[in-house]
Amino acid sequence: MRRFWTDPSQAHYRRAWFLLLLMAIVLLGIGIGLRDPWPADEPRFALNALEMLRTGQFWFPHRGGELYPDKPPVFMWASALSIWLTGSVRWGFLIPTTLAGFGTLLLVIDLCRRLHGRRVALLSGLALLTAFQFVLQAKTAQIDMMLTFCTTLATYGLLRHALLGPARGWWLIGWAAMGLGIITKGVGILPLTLLPAWLWLGYSSDFRKNARGQITRLKLKDAIQGIAVMLLCVAAWAVPMTVMATWGDDLSLAAYRDNILFKQTGQRYADSWAHLEPWYYYLVNVLPWAWMPLVLAFPWAIPAWWRRLRRPDARILLPLSSVILIVIFFSLSPGKRGVYMLPTVPLLVMTMAPLLPGLIRKKGLHWLGFGLLSLLGGILLIAGVLGAAGLPALAKVAERHAVSPWAWWIVIGVIAVGLLAWARPRRGLWALAGWLAVFWVSWSTWGYALQDHARSPRDMMTRVETITGADSWLAMPDYDEEFLLQSRQPSIQFGDRTPASDQFRRAFAWLQQDDSRWMFAMERQAEDFACIESDQVIDMGIQNGDDWWLIPASAAAQCKGDDKAAPLFVAPTTLPDKTGSAPRI
């Protein structure tokens, strides 16, 4: 490796590596500090992290003063650390996923370099940076990018042992990464999907040769050691949590323990209560766009995989079998979200890596890239022009979402046309890759500026504070986390799992105790209560697709309240910070 950095004959590779890493830093990092957390999940995790910093309670995540039992705390810890280091939610909340995405990229590149050489490694890095879901999630503050880093690190460790080993140190690192993945989002065991093909190659195929030598045989002793390391990593969080929850004075902690250990794991998978979709959901609705543009190569990649698997080539069989088993695993669960497919993207790139030098020479693949760019660029350009011209349907959508992206769409549509004219079909893939880079840079700058006021309620909550006064208390029945995160005054909520009708009845009782109190609620929910005097209501406008009302206590004086209908939680992040050291929103 030292020769690579000193040998003059390797200068072109060094330049290529530098440009690749520079492009990765720009694509993944640009936009940090330019927007607030956006729904659906970002405000929740930012609120968890901010509440940890405000209260000092790091072991049991809270949201709006209430225990948050849906996810383990590792991602919240990372968010809290980055927010603390930067002193700002706006600057810090995206850093963990950006670093996780960059780390995932480096792991894929390095493994492909060791297995297939430097040129293939460079191409694999480019392929991963063009994968739509990968870049999108690296720029989104959700847990799944950190989970993907853990599963990719585990895959890296296991494959180093399997294909370049024996390497028992990396084998144990892989199991430790799985343990970290489990306490990040439960499904950190996804790299175990490598084992069936590994066992088959090692035992049923009599150690058939791959391109780099024999595959390392799995041994019971190594498996026991790996499982022990994984369980130790999980126990580092689970055992203290269980002890504190079981023998502590707070009974709600026991409910947290049972929820996080059982309901959010086995029950969520086998008997999911949310995001219910048919078994083919991923194949039809998710993978065609999540794996784009990699899926364009499937007409050539699938026959090539088949030829290599007939040898068999463990470098392809292991990651490919893992991709297939992960898709099957999540398809069998009734609850499905597109983001669950993110861990398959690095594996897919590893599977395609040795084919990339040949694929980029396929004329048909360049034609497909040219066609896809023509479609995307054409849609954006036409929609931008029609929107700027005032087409009623588009004008209505823009008004509803408070965003007019026409100029942005026209510009990136024109850039697409320019790239198509330069590249012609024979270089369609390169035109598509270049346009995707332009799209992500513009999305993270111009796109953020256009959308932030509509997707973050920062401005609306500032107006609420101006109307009510900074010292006035605010109730948020059936709240959304982004409003609580941006609240500028003492705020309360009534339990995330409490029915909305019960929350309103509790809010009415609370309002009637003090005429200086206010309630902030969705119009469509508040309208169900005819007792609210609408002439006193202040219409705050539309945010995130809903109309919002600011309701003074006097407007709910005739409503029937019930102070036992729901619990009441005070959000610590909305209270004045006496130390003056709290991070800025």
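Quick one: is Gly561 small (Gly, Ala, Ser), open to solvent by less than 50 Å² (accessible area, probe 1.4 Å) and within 30 Å of Asp452 (Cβ to Cβ)? For Gly561, the condition - small (Gly, Ala, Ser), open to solvent by less than 50 Å² (accessible area, probe 1.4 Å) and within 30 Å of Asp452 (Cβ to Cβ) - is not met. The set of residues in region 25-52 being assigned to a loop (DSSP other than H, G, I, E, B) and either over 25 Å from Pro572 (Cβ atoms) or basic (Lys, Arg) (or both) consists of Ile30, Gly31, Ile32, Leu34, Arg35. The numbered conditions (1) assigned to a helix (DSSP H, G or I); (2) touching a Gly at 6+ places or on another chain (Cβ under 9 Å) are all true for Ser404 except (1). You will find that of Gly358, Gly364, Gly387, Gly371, the residue that is buried (at least 18 other Cβ atoms within 10 Å of the Cβ) and assigned to a helix (DSSP H, G or I) is Gly387 and no other.
Count of region 305-335 residues, restricted to those that are buried (at least 23 other Cβ atoms within 10 Å of the Cβ) and basic (Lys, Arg), is 1.
Residues in region 362-402 that are under 28 Å from the mean Cα position of the chain (by Cα), closer than 20 Å to Ala127 by Cβ and of a type in the set (Gly, Ala, Ser): Gly369 only.
So for region 467-486 (the condition being open to solvent by 30 Å² or more (accessible area, probe 1.4 Å), without any contact (Cβ under 8 Å) to a residue 60 or more places away in the chain, closer than 30 Å to Ala509 by Cβ and within 26 Å of the chain's Cα centre (by Cα)), does at least one residue qualify? Yes; the residues of region 467-486 include at least one that is open to solvent by 30 Å² or more (accessible area, probe 1.4 Å), without any contact (Cβ under 8 Å) to a residue 60 or more places away in the chain, closer than 30 Å to Ala509 by Cβ and within 26 Å of the chain's Cα centre (by Cα). Listed by first and then second residue, the pairs with beta-carbon distance under 7 Å, at least 6 apart or on different chains, first residue in region 219-234 and under 15 Å from Gly169 (Cβ atoms), second open to solvent by 70 Å² or more (accessible area, probe 1.4 Å), are Asp222/Arg168. For Pro343, the test of being closer than 22 Å to Glu277 by Cα, at pLDDT 90 or above and crowded, with 16+ Cβ neighbours inside 10 Å is passed. Is it the case, given these coordinates, that Thr98 is farther than 25 Å from Gly369 by Cα and of a type in the set (Ser, Thr, Tyr)? Answer is yes for this residue.
Leu474 - would you say it is closer than 27 Å to Phe298 by Cβ and at pLDDT 95 or above? No, not satisfied. Given the structure, is Ala154 buried (at least 24 other Cβ atoms within 10 Å of the Cβ) and touching a residue at least 60 places away in the same chain (Cβ under 8 Å)? So Ala154 fails the test.
Here region 425-466 is the region considered, the condition is being closer than 26 Å to Ala40 by Cα and of a type in the set (D, E, K, R), and the residue that is surrounded by the most Cβ atoms within 10 Å (Cβ to Cβ) is Arg455.
For region 62-71, which residues satisfy the criterion of being in a loop (DSSP other than H, G, I, E, B) and either open to solvent by 10 Å² or more (accessible area, probe 1.4 Å) or modelled with pLDDT of 95 or more (or both)? Within region 62-71, Gly65, Pro69, Asp70, Lys71 qualify. Condition test on Ala255, is it modelled with pLDDT of 90 or more, in a helix (DSSP H, G or I) and surrounded by 12 or more Cβ atoms within 10 Å (Cβ to Cβ)? Considered against the rule, which asks whether it is modelled with pLDDT of 90 or more, in a helix (DSSP H, G or I) and surrounded by 12 or more Cβ atoms within 10 Å (Cβ to Cβ), Ala255 comes out as no. In region 501-524, the residue that is nearest to Met476 (Cα to Cα) out of those that are open to solvent by less than 60 Å² (accessible area, probe 1.4 Å) and touching a helix residue (DSSP H, G or I) at 6+ places or on another chain (Cβ under 6 Å) is Met519.
The values are calculated or read from the model by the stated rules, or taken from the named source; none is laboratory data. Bear in mind that the values here come from a model prediction, so they are computed numbers and not experimental data. A quick note on method: Cβ atoms are made from the backbone with ideal geometry, for glycine too, and the neighbour counts reach across all protein chains shown. Just so you know, the surface numbers come from the protein's heavy atoms only, side chains and all, with ligands and any DNA or RNA stripped out. Shrake-Rupley method; radii C 1.70, N 1.55, O 1.52, S 1.80 Å.
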